[in-house]
1. What aspartates and glutamates does B:K124 reach when the alpha-carbon gap must be under 20 Å and sequence neighbours fewer than 8 apart in one chain are set aside?
2. Projecting each Cα onto the charge dipole of chain A (Lys/Arg +1, Asp/Glu -1 at the beta carbon, about the Cα centre), which of A:F324, A:G345, A:P156 comes out farthest on the positive side?
3. Test of understanding: given chain B, find the longest segment containing no GluC sites (Glu not before Pro) that are in a DSSP loop and have at most 16 other Cβ atoms within 10 Å.
4. Using DSSP, restrict attention to beta bridges with both residues in chain A and report what percent are antiparallel, rounded to the nearest 5.
5. Which of B:A325, B:A386, B:L405 sits closest to the plus end of the dipole of the stretch B:292-413, meaning its Cα is farthest towards the positive end, when Lys and Arg get +1 and Asp and Glu get -1 on the C-beta?
6. Normalised by the residues of the stretch B:144-263, what does the relative contact order come to in percent, with Cα pairs under 8 Å and at least six apart?
7. How much accessible surface area, in Å² rounded to 10, belongs to the heavy atoms of A:D46 with a 1.4 Å probe?
8. Measuring from label point to label point, each 7 Å out along Cα→Cβ, what is the A:D216 to A:A290 span in nm?
Amino acid sequence: MMDVPRVVVTGAGVVTPVGIGLEATWQALLAGENGIGPVTLCEVDDIASQIAGEVSDFDPERWLNRKDARRMDRFVQLAIAAADEALEHSGLDVRSESEQVGCIIGSGIGGIQTLEDQFKVFFDKGPGRVSPFLVPMFISDMAAGQVSIRTGAQGPNVNTVSACASGADALGAAFETLRRGDALAMIAGGTDAGVTRMSMAAFAASRALSTGQNDDPEHASRPFDAGRDGFVLAEGAGVLILETLEHAEARGAEPLVEMVGYGQSADAFHVTQPSENGEGAARAMRMALAKAGINASDVGYINAHGTSTPMNDKFETMSVKTVFGQAAAAIPISSTKSMIGHTLGAGGGIEAAVTMMSLREQKIHGTRNLVLPDPDCDLDYVSEGAREVSMEYAISNSLGFGGHNSCLVFKRFTA
Amino acid sequence: MPLEVVVTGLGLMTPVGNNVSSAWENLVAGRSGIGTISQFDTSAYEYPIAGEVKNFEPSNFIEPKLLRRIDRSTQFAIAACQEAVADAGVEVNSERPGAVGVLLGTGMGGAHLMIEQQRILDEKGPRRVSPFLISHFLPDTATGLVAIALGAHGPNFAVTAACATGGAAVGEAAETIARGDAEVMITGGFEAPLTPIYYAGFFAMKALATHEDPTQAVRPFDADRNGFILGEGAGALVLESLEHAQARGAKIYARYCGGATSNDAGDMVAAAEDGHGIAEAMRRALVRGEVRTDQISYINAHGTSTPLNDRVETTAFHNVFREDADRLMVSSTKSMHGHMMGAAGAVEAAIAVLTCHHQVVPPTINYTTPDPDCDLDYVPNVARDAKIEHAMSTSVGLGGHNSALIFGRWEGN
């Protein structure tokens, strides 16, 4: 029985409301920029929340010809842009070893715009006019499918869905695929394009969205702040290239960071509310740390789920205290969502890329818009802006509707 | 070392029966569950044929308040999981917290709920949209609800891989146990695709079968096959580490040997003509399970009854099994229950488990005219008693997704 292989990250690509590309996004996050604005992608005049994090200058034809772009929903287009960047970054030549490269890209909501468009065709013009591409454009595994078709990756291939934790679970599943020897490299992450009329209406109906700051979008996403009133829906994609250390070294690729842990749990409590004291999230973090073989005190940074809903931020804070005890106050925690909003299934992918950059540069971005302290959220959320740190390990949390909790652990790379 | 995994519980909700015993009885008898669609107005179609679940009483499984909020697909999932958990006799609440996880797959999620809410949005405006839509439409809804109902606090997410979803979910759940992240996983797949809009989308793809007699519409591997037929339902399996199952004295149906997924990396809709993608999944599953081709006795094929699929799959069987291919028994139970989309891989995995358990192979029905491109033993029309050491289940999906699973006979009971 061979040893469990070490897994490293050798590339990353992101498309977010603060930038297209990893470097653009990272610099914007360090500068504390805002990616939230009035919704332009769909009609929201009669919806309670009218703001979102849109990738405003995304032109799919930068990556795809017009015909292919028309046959892909936006969530797939975003994933392709992120995957292209990640592959270029890693220098991985997929076609030279197609069968050894897999692809797991999580999407929470799939091609919902395609579905809405085809509903309109169906109601207005009848069933005979519905597109033959409805099903293959809508189903949520199509990001993983199309990225494989584009890149030639013929290895393990699925989509993991766990609502807002989908991207994190995709990375977790890819990590485990490499550790059990089922592939040598994995293209993995998350994508979602949920800024659509139906999705805005439905999230607003569930009372999860910020509705009080339509006139001041820049200050609407305020994780851990006393004035937070819900999350801001956003879109984007984040894709990482994971590979075994041996494989990366053999091809002369530079390991950016090491991925060392993954934990996953269910609250088994309520469909939309976190379990008492955030115990489900705490179990996911403990499981991830145990798998990494480290103590809570080894963790130097937490990229929080931090959605800016009253419930999430309070319960996530509790769960961090449960796991880290007295040390919790000393660990810097920041929420990328304070700047880009909540990209649903993409969040885990984007935030893993951000966590990777944090370890690489020993710098963390701040939590924007945290001005009014909330007594229930009394940890160090890096509210003053970016900070230089010294750390070996960082974790990224993702917590989803349905009570899904995921935690990823990354380590600064040392041979 | 990966831990050994066994199957200790099964649940089925299918067009051929609403539980394991009735579905198995009908499959072995070669009875079709395909008929004319009753769920929506089909006057626009000449041959509105599908595999519907009959006499489904969701209130037998789900309390009224929850029932009002959830999609038909989720209802199937809950019903099948309840049967599987009861069959396994697992007391979830007495297990260590986190020891039991749930991992279910669905291709499309809450289709019925979405169409109903889209109509409300268009006719009455966004403020009338249900607050429960998002949390009950996403593909992971059922995994969350099953976990809540049972108190299963372990790993919990959904897997989607188009028509290979169910197989991919079962494989991922087995790996979760094999690596020690859970001791018991409730897994499977579910789908309720019979809504007017999805049906219109599939119809537009020109892939649906036509036949005067609905029960003869699905004819996998037959020369006169002309398309697939949508089916609905769910399949659930309780997987467990061998150690855990033996410690509690559980009955064991079969061993889980290995599984894999792959992608053709070819076309978005059509499977590659040489079948390299599904062949790759089968080879990986054989390696993972440390099973040789001559040890596989039976394959429950994807066998959709489209001209392309059945030919491609047959080519792949030849390429993987070579001289062992002629000895294989291959059947498509879709000939009886239709193509249950995201549920298919799980339902067919359960059937593969049952073939190992009962040592009986259900037939491919409606097989009358051999196709020179499909030249294997498809167990035509009549079930067969046979010695089954290992059974494989294959699934092939839109987007190039493939999965393969292998189960082995359990002789220890």
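The values are calculated or read from the model by the stated rules, or taken from the named source; none is laboratory data. Bear in mind that the values here come from a model prediction, so they are computed numbers and not experimental data. FYI the Cβ positions are ideal-geometry reconstructions off the backbone, even for glycines, and counts take in every protein chain you see. Please note that ligands, DNA and RNA were not included when accessible areas were found on the heavy atoms of the full protein model with its side chains. Shrake-Rupley method; radii C 1.70, N 1.55, O 1.52, S 1.80 Å.
1. Here the aspartates and glutamates satisfying the reach criterion relative to B:K124 are A:E43, A:D45, A:D46, A:E116, A:D117, A:D124, B:E116.
2. A:P156
3. B:92-211
4. 70
5. It is B:L405.
6. Relative contact order here is 27 percent.
7. 60
8. 4.5
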